[in-house]
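Below you'll find the structure I mean.
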Amino acid sequence: MNYPRRVSDFLPPLNVGDRLELLFYCIRFSLYAGLPPLDRYLDGILIHPNSVPKGGGYCGGDPGWEIDGNNDETGGFFYNENGEQLFRCWALADVSDIEPDTAYYTVKEVRYYIRLALENIGKKYPEHLKEAQEVIARYGL
């Protein structure tokens, strides 16, 4: 069944099964539902000394979600067939109600949607606008 569902208040609604659904779910938690500090998890995924563009680290937490750029099997990063660096998103399907529970997204996509979410947090909560703008600038989003 393909029906609209909003997995994040700060990103556009998606249809169930959309390829971005898991990414939006994980971004929602990485931005701690829009509560300051907005960057509490972002260092973990957007700053890594060996990756260009910036990305390739890890963040995750309860209720069972992760954004991970480190491929534990190879000791390096995740890449697609075009050689683009990827992040792996995972969420506990019993909690998220998203299947499959793992998907891969380019660093460019992850950075773009984090920026979009931060911009929307600033619009929805003007008291967080300055912080959202500072986070966008600090990470070069």
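The values are calculated or read from the model by the stated rules, or taken from the named source; none is laboratory data. Remember, predicted model here, so these are calculated numbers, not experimental data. Cβ sites come from the backbone with ideal geometry, for glycine too, and all protein chains shown count toward neighbours. For accessibility, only protein heavy atoms count, side chains too; no ligands or nucleic acids. Shrake-Rupley method; radii C 1.70, N 1.55, O 1.52, S 1.80 Å.
Using a 1.4 angstrom probe with every protein chain in place, what is the largest-first accessible-area order of Ile47, Ile136?
In descending accessible area the options line up as Ile47, Ile136.
Alpha carbons only, please: Rg and Dmax for the chain, in angstrom.
That works out to 14.5, 43 Å for Rg and Dmax.
What does the charge add up to near Pro13, with Lys and Arg as +1, Asp and Glu as -1, over the other residues with Cβ less than 14 Å from its Cβ?
Once positives and negatives cancel, what remains is 0.
While we're here: Going toward the positive end of the dipole of the stretch 1-133, with +1 on Lys and Arg Cβ and -1 on Asp and Glu Cβ, which of Trp90, Tyr113, Phe77 do you reach last?
Tyr113
Using the alpha-carbon centroid of each, what span in Å lies between the stretch 99-131 and the stretch 56-93?
The two parts, judged by their Cα centres, are 17 Å apart.
A further question follows. Which is the longest stretch in the chain that no exposed loop site breaks, taking sites as trypsin sites (Lys or Arg not before Pro) with a DSSP loop state and at most 12 other Cβ atoms within 10 Å?
With trypsin sites (Lys or Arg not before Pro) excluded where exposed in loops, the chain gives 20-141 as its longest stretch.
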